[in-house]
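Report on one structure; see the data block that follows.
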Amino acid sequence: MVFIFRILSRLPLSVLHLLGAALGYLTYWLSPTYRRHLRENIAQAGLPASLRGTVAAETGKQMLELARIWMRPLEEAIPLVAEVVGWEHVEAAQKAGKGIVFLTPHLGCFEITAQYLSSFGDITVLYRAPKSAVAQELILTGRKRAHLHLAPADLSGVRALIKALKKGEMVGMLPDQAPKTGEGAWLKFFGRYAYTMTLAARLTETGAASLLTWGERLPGGRGYRVHFKQPMNPLAGSTVDRAQQINLEIEALIRQCPSQYLWGYNRYKRPGGADAPPAE
């Protein structure tokens with residue numbers, strides 16, 4: 001797989017996006033399970049069914065663009081960021097010196113954000129090791145950068161994140177990724193209970209700044225527009241209250257560009273051993 005991605009990385013981003021769109025459509029029609037999740041999740045969010053095809057294409061683009069981002073040197077990946085919006089929020093948080101928690105949903109090119117931030121300093125990102133050894137090798141190879149550090153989704157990883165924040169560094173995570181049993185709570189996401197990680201909320205209790213970020217995929221292979229923004233309201237209250245607010249913040253981001261969200265992800269699944277969600 002790494003060998004194939006290295007070959008694909010030599011293609012222009014525009015070509016990878018064309019191939020990715022075709023792959024996305026093909027996956028949509030060949031995978032009944034993926035197609036069902038995509039349709040149900042789009043409907044749950046109250047979005048039109050006409051969005052399905054575009055979402056499938058954008059998801060395919062996300063899969064193949066990883067070759068260009070992961071397999072090329074950082075000095076070649078960073079120029080893919082054509083525009084940055086809200087960098088003043090990052091600068092203000094850095095001046096505070098208490099670390100920054102970057103919350104990145106599965107929206108647009110969510111891999112480019114950490115890569116871009118690593119060019120400005122150390123960032124530790126949480127990741128859940130895939131079951132496939134091939135996929136694991138690909139992730140470790142692609143995300144390995146001088147200032148980008150990986151923290152596994154276990155106790156050692158949590159310690160690494162806290163340690164980084166204490167040093168005033170950056171940390172990042174995907175807060176809309178379903179956690180393991182015991183690591184989350186049933187909270188509303190687009191009006192339906194979803195098992196939601198509470199780690200992101202706990203990290204915001206350390207005094208670190210909280211910023212939302214995502215990489216908007218520009219048309220024609222022109223690269224990405226990376227967005228940084230503060231929460232609509234300061235994260236406050238209990239851990240569960242903060243986790244629910246993070247869900248609401250993510251919803252607002254997704255509605256800015258719903259075609260680029262990973263709607264095919266089984267966000268409402270019940271982890272093995274977890275209690276049933278509350279009655280709707």
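Summary table
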{"item": "Computed Rg/Rh of the range 70-220, alpha carbon atoms with Kirkwood Rh", "result": "0.95"}
{"item": "Gained length - Leu248 relative to Glu205, 0.36 nm times residue gap less alpha-carbon distance", "result": "13.7 nm"}
{"item": "Rotationally averaged projected area of the range 1-129 (alpha carbon convex hull; nm²)", "result": "10.0 nm²"}
{"item": "Compactness of the range 99-177 - radius of gyration and Dmax, Cα, Å", "result": "12.0, 34"}
{"item": "Over 18 Å between alpha carbons, listed pairs Lys61/Lys131; Lys98/Lys167; Lys61/Lys180; Lys144/Lys167", "result": "Lys61/Lys131; Lys61/Lys180; Lys144/Lys167"}
{"item": "Rounded Å value of the spacing that divides the Cα centres of the range 88-154 and the range 176-208", "result": "18 Å"}
{"item": "Under Karplus coefficients 6.51, -1.76 and 1.60, residue-wise ³J(HN,Hα) of the range 54-60 in Hz, glycine/proline x", "result": "5, 4, 4, 5, 5, 5, x"}
{"item": "Ranking of Cys257, Cys109 by count of other Cβ atoms within 10 Å, fewest first", "result": "Cys257, Cys109"}
{"item": "Theoretical ellipticity at 222 nm over the chain - DSSP helices of four or more residues, -39500 (n - 2.57) apiece, nearest 500", "result": "-14000 deg cm²/dmol"}
{"item": "Charged-residue dipole, Cβ positions (Lys, Arg, Asp, Glu), the range 80-260 about Cα centre, Debye nearest 20", "result": "240 debye"}
{"item": "Neighbour-count order for Thr27, Thr181, Thr204, fewest beta carbons within 10 angstrom listed first", "result": "Thr181, Thr27, Thr204"}
{"item": "Dipole of the range 80-260, positive direction: furthest Cα of Val81, Ser118, Gly157, with charges on the beta-carbon", "result": "Gly157"}
{"item": "Derived scalar couplings ³J(HN,Hα) [the range 231-244; Karplus, 6.51 cos²θ - 1.76 cosθ + 1.60; whole Hz; x for Gly, Pro]", "result": "x, 4, 9, x, 5, 8, x, 6, 4, 5, 4, 5, 4, 5"}
{"item": "Equivalent-ellipsoid semi-axes of the chain, from the Cα gyration tensor, Å, largest first", "result": "26, 25, 18"}
{"item": "Mean shadow area of the range 43-101, taken as a quarter of the surface of its Cα convex hull (nm²)", "result": "7.0 nm²"}
{"item": "Two-decimal ratio, the range 8-63, of alpha-carbon radius of gyration to 2.2 N^0.38 Å", "result": "1.21"}
{"item": "Protection proxy ranking, peptides 188-197, 226-235, 125-134, average beta carbon neighbours within 10 Å, highest first", "result": "188-197, 226-235, 125-134"}
{"item": "Relative contact order of the chain, defined on C-alpha pairs under 8 angstrom at six or more residues apart (%)", "result": "25 percent"}
{"item": "Within the range 127-190: Cβ-based charge dipole about Cα centre, in debye rounded to nearest 20 (Lys, Arg +1; Asp, Glu -1)", "result": "160 debye"}
{"item": "At R0 = 22 Å, FRET efficiency that the Cβ-Cβ distance of Lys167 and Ala129 yields, to 0.05", "result": "0.35"}
{"item": "Residue list for the range 177-204, given a label point 7 angstrom along the Cα-to-Cβ vector of Ser238 and an amide N cut-off under 19 Å", "result": "182-189, 193-204"}
{"item": "Principal axis box of the range 159-204, alpha-carbon based, largest edge first, Å", "result": "37, 20, 13"}
{"item": "Local electrostatic count at Arg225 - Lys and Arg +1, Asp and Glu -1, tallied over other residues with Cβ under 13 Å", "result": "+1"}
{"item": "Förster-model FRET efficiency, 41 Å R0, Glu137 and Ala279, C-beta, rounded to 0.05", "result": "0.45"}
{"item": "Amide H within-cut-off set for Thr196, under 5 Å, with H built and near neighbours excluded", "result": "Ala185, Trp186, Leu187"}
{"item": "Mean-position separation - Cα centroids, the range 12-74 and the range 235-275, in angstrom", "result": "20 Å"}
{"item": "Distance cut-off 18 Å, percentage of C-alpha pairs in the range 177-280 lying past it", "result": "54 percent"}
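Every read-out reported here was derived from the displayed coordinates using simple, explicitly stated rules and does not represent laboratory data. Note that the structure is predicted; figures quoted are calculated from it, not measured. Reconstructed Cβ throughout: ideal geometry from the backbone, glycine too, with neighbour counts over all protein chains shown.
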